[in-house]
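Novice: One structure, pasted below without further comment.
The values are calculated or read from the model by the stated rules, or taken from the named source; none is laboratory data. Note that the structure is a prediction, hence the values are computed from the model and not measured. Every residue, glycine as well, gets a Cβ built from its backbone with ideal geometry; the counts of neighbours run over all protein chains shown. Ligands, DNA and RNA are stripped out before the accessible areas are found, and what is left, the full protein with its side chains, is counted by its heavy atoms. Shrake-Rupley method; radii C 1.70, N 1.55, O 1.52, S 1.80 Å.
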Amino acid sequence: MKIDLHVHTTAFSPCSVMSPDDAARAAIQAGLDGICITEHNRLWNKEDARALWEKHGLQVFSGMEVTTSGGDILVFGLEEEPHEIWTPAQLKEKVDRVGGVAVAAHPFRGFLLFGFGALQMDLTQAVGNPTFSQVHGLEVCNSLVTDEENEMARRVADEMGLLKVGGSDAHNIRAVGTCITEFQDVISDEKDLIGAILSGRHTTRRMK
Ligand SMILES: [Zn+2]
Ligand SMILES: [Zn+2]
């Protein structure tokens with residue numbers, strides 16, 4: 001099943017120019033089976049996600065992109081919204097308590113811009129980022145970062161034995177489905193989705 005795990009809509013992300021309906025239509029057009037809406041620090045309630053699911057016949061899940069002191073972390077299964085800046089360790093504890101998943105979003109975004117090459121950051125330094133020991137996985141396919149930055153994330157995930165997931169980080173309809181996670185398991189609810197992410201039986205794919 002093809003799912004875009006990282007989508008922002010105008011419902012709660014002011015940086016997005018895409019309504020929830022448009023996001024669902026774009027996902028269907030891109031041939032996806034589902035999307036996970038991950039607004040910044042806000043969680044969709046399950047009824048709204050379900051209503052969108054039923055209206056469009058597309059699986060719609062609600063996760064969250066949490067701003068932590070160690071960077072953006074995507075969470076699935078956590079129902080508590082942050083009202084202060086948590087550390088990655090605080091967030092991980094909450095996520096583990098509910099059996100959810102935490103994934104560092106675009107872990108190397110901007111590194112190229114800020115001298116990724118000039119700094120000659122090697123794998124050992126990259127692996128040393130303390131945030132990476134407080135997540136289950138890394139986002140290794142994100143459409144808003146460079147191929148080199150995605151590749152670095154993939155190498156670090158392999159080195160650390162972390163899960164590798166993909167999501168477009170779409171803020172407009174053109175981006176929906178450009179980076180996806182393709183699951184081997186059949187997913188029919190949020191519990192399945194979390195189990196499928198944790199199982200590692202999935203690959204990421206760049207669609208455009
Ligand atoms: Zn982000
Ligand atoms: Zn995002």
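Novice: So for region 125-137 (the condition being under 23 Å from ALA30 (Cβ atoms) and open to solvent by less than 40 Å² (accessible area, probe 1.4 Å)), does at least one residue qualify? Step through it out loud before you land on a result.
Specialist: Of region 125-137, the ones under 23 Å from ALA30 (Cβ atoms) are 137.
Now restrict to residues that are open to solvent by less than 40 Å² (accessible area, probe 1.4 Å): 137.
For region 125-137, residues under 23 Å from ALA30 (Cβ atoms) and open to solvent by less than 40 Å² (accessible area, probe 1.4 Å): present.
Novice: Any idea which residue in region 160-169 is farthest from ALA27 (Cα to Cα), counting only those that are away from ligand 1 (no atom under 16 Å from the Cβ) and either in contact with a strand residue (DSSP E or B) (Cβ under 7 Å, 6 or more places away or on another chain) or modelled with pLDDT under 95 (or both)? Even if it seems obvious, please write down each step before you answer.
Specialist: Going through region 160-169, the residues away from ligand 1 (no atom under 16 Å from the Cβ) turn out to be 160-164.
Now narrow it down to the ones that are either in contact with a strand residue (DSSP E or B) (Cβ under 7 Å, 6 or more places away or on another chain) or modelled with pLDDT under 95 (or both): 162-164.
On the way: LEU162: 27, LEU163: 24, LYS164: 21 Å.
If we take residues in region 160-169 being away from ligand 1 (no atom under 16 Å from the Cβ) and either in contact with a strand residue (DSSP E or B) (Cβ under 7 Å, 6 or more places away or on another chain) or modelled with pLDDT under 95 (or both), then LEU162 is farthest from ALA27 (Cα to Cα).
Novice: Further question: Looking at the structure I just gave you, is VAL66 within 22 Å of PHE183 (Cβ to Cβ) and either in contact with a Leu (Cβ under 8 Å, 6 or more places away or on another chain) or at pLDDT below 95 (or both)?
Specialist: On the way: within 22 Å of PHE183 (Cβ to Cβ): no; either in contact with a Leu (Cβ under 8 Å, 6 or more places away or on another chain) or at pLDDT below 95 (or both): yes.
It is false that VAL66 is within 22 Å of PHE183 (Cβ to Cβ) and either in contact with a Leu (Cβ under 8 Å, 6 or more places away or on another chain) or at pLDDT below 95 (or both).
Novice: Here is a follow-up. Residue check: is ASN142 open to solvent by less than 10 Å² (accessible area, probe 1.4 Å), closer than 26 Å to VAL17 by Cα and modelled with pLDDT of 95 or more?
Specialist: yes
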